[in-house]
Ligand code: NAP
């Protein structure tokens, strides 16, 4: 069994997930680094983590698929034999459109990737936390705004993420497992390019009270705080990392 604490971060080949992996590694965690497709980027993040002197396990798995999730956790069992923290971070956007142009295939892909995944990973994680642990869910400011004319489906998946956080926090509190969420907003990552609007952060940043976009590291710091003993009396709570949105 690993002597270091162990964290699993889903969607950690780039963006907020990659920054979170590096942040936890700096604090002495061994890292389980999940990603879906991007082997090359995942290897680069893994090298940065290893350079910080901790162990890293790269785990290719589509977390929207139950069979992949179960296989991923079995790999963690074999290599580390425990899990202290889960960060449900994997998430996708689709091109901006109104509800009138949306179809079931798109909606289902958003929901299974952004929220079914968090249910499945949380279920497998809490089975492996007999002495307590921590789950941090990466939601979005969109859970509160609803993202009209852009992606109501994405926003709704994040609303569901917040409800999962509240309900699961109460369900597992007696097992000394804390469940919290962060709600980022307008962070410079490639997710906006995938949504067909690569310059979205710069286009909208003046609308934020702080007047600038955020960096992935600023989200990673909030995730780490909620997972850490610094937040030992905090569960079912949220930190907005969205420039005052
Ligand atoms: P990103 O740069 O697009 O990275 C997404 C990551 O998720 C990638 O590592 C990707 O892996 C992985 N991924 C996607 N589908 C997956 C699946 N089915 N299984 C496993 N991994 C999967 O995104 P980001 O901006 O860092 O966002 C991270 C989280 O923050 C998301 O939940 C997002 O909704 C949330 N968020 C972001 C912002 C923002 O402004 N950026 C704002 C609010 C909330 P591969 O590349 O290997 O496929």
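The values are calculated or read from the model by the stated rules, or taken from the named source; none is laboratory data. Please read these numbers as outputs of a predicted model, since none were measured by experiment. Positions of Cβ are backbone-derived with ideal geometry, glycine not excepted, and every protein chain shown enters the neighbour counts.
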- Which helices (runs of 4 or more DSSP H) does segment 49-142 wholly contain that include 3 or more residues that are surrounded by 18 or more Cβ atoms within 10 Å (Cβ to Cβ)? 66-79, 117-127
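Conditions tested, residue by residue: (1) touching a strand residue (DSSP E or B) at 6+ places or on another chain (Cβ under 8 Å); (2) at positive phi; (3) near the ligand (Cβ under 10 Å from one of its atoms).
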{"position": "2", "(1), (2), (3)": "yes, no, no"}
{"position": "8", "(1), (2), (3)": "yes, no, no"}
{"position": "12", "(1), (2), (3)": "yes, no, yes"}
{"position": "18", "(1), (2), (3)": "no, no, yes"}
{"position": "28", "(1), (2), (3)": "no, yes, no"}
{"position": "34", "(1), (2), (3)": "yes, no, yes"}
{"position": "38", "(1), (2), (3)": "no, no, yes"}
{"position": "41", "(1), (2), (3)": "yes, no, yes"}
- Message: Looking only at segment 178-195, filter to residues that are over 16 Å from residue 215 (Cβ atoms) and surrounded by fewer than 20 Cβ atoms within 10 Å (Cβ to Cβ); which one of those is nearest to the ligand (Cβ to nearest atom)?
- Response: 194
- Message: Restricting to segment 137-154, name every residue that is touching a helix residue (DSSP H, G or I) at 6+ places or on another chain (Cβ under 6 Å) and over 18 Å from residue 16 (Cα atoms).
- Response: 146, 147, 152, 153
- Note on the structure: Contact list, first residue from segment 55-69 and farther than 13 Å from residue 30 by Cβ and at pLDDT below 95, second anywhere and in a loop (DSSP other than H, G, I, E, B) and within 8 Å of the ligand (Cβ to nearest atom), beta-carbon distance below 6 Å, six or more apart or interchain, is none
